[in-house]
1. Cut-off 10 angstrom, C-alpha nodes, Gaussian network model of the chain. Which of L17, L48, L76 fluctuates the most?
2. Mind listing which trypsin sites (Lys or Arg not before Pro) in the chain are in a DSSP loop and have 11 or fewer other Cβ atoms within 10 Å?
3. At what distance in nm do the modelled label points of D15 and I82 sit from each other, each positioned 7 Å from its Cα along Cα→Cβ?
4. Counting other Cβ atoms within 10 Å of each Cβ, which chymotrypsin sites (Phe, Trp or Tyr not before Pro) in the stretch 1-103 have at most 11 and sit in a DSSP loop?
Amino acid sequence: MMMLDRYPLRKLILDDLFAANKIAIVLWFVMIGSAVATIWIIHHTRQLNTENGELILAKQALENEYINLKLEERALDDNVRITSIANRLKMGYITSDQQVIIIENNH
């Protein structure tokens, strides 16, 4: 009977792959790295876009609140309103003999 020689097929394939196709292997790793980097960048870009949208909504809410506070301040600062409340509380104007002037000396 003839003896069958077994060739180490795995070793032959790996030797051929690394000996003759070094550039192809390097390019394959670069391609995989580029794909992973692209996915990572897209993921972070989407996160930043979502955060940007949330910040824009928060900014608009704060601007609306600021406008409402300014309107409320103007309404509360209105001299006619203050005078009507003072009249309702039976408050009058201060006379000159009721005024007290305090002078502070900063020596």
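Every number here is computed from the coordinates shown, using simple stated rules; none is lab data. Remember, predicted model here, so these are calculated numbers, not experimental data. In this analysis, Cβ positions are derived from the backbone assuming ideal geometry, glycine residues included, and neighbour counts consider all displayed protein chains.
1. Result for the chain, Cα springs under 10 Å: L17 fluctuates most.
2. Working: sites: R6, R10, K11, K22, R46, K59, K70, R74, R81, R88, K90; in loops: R6, K90.
Passing sites in the chain are R6, K90.
3. For D15 paired with I82, the spin-label model returns 10.0 nm.
4. On the way: sites: F18, W28, F29, W40, Y66, Y93; in loops: Y93.
Of the chymotrypsin sites (Phe, Trp or Tyr not before Pro), the ones in loops of the stretch 1-103 whose Cβ has at most 11 other Cβ atoms within 10 Å are Y93.
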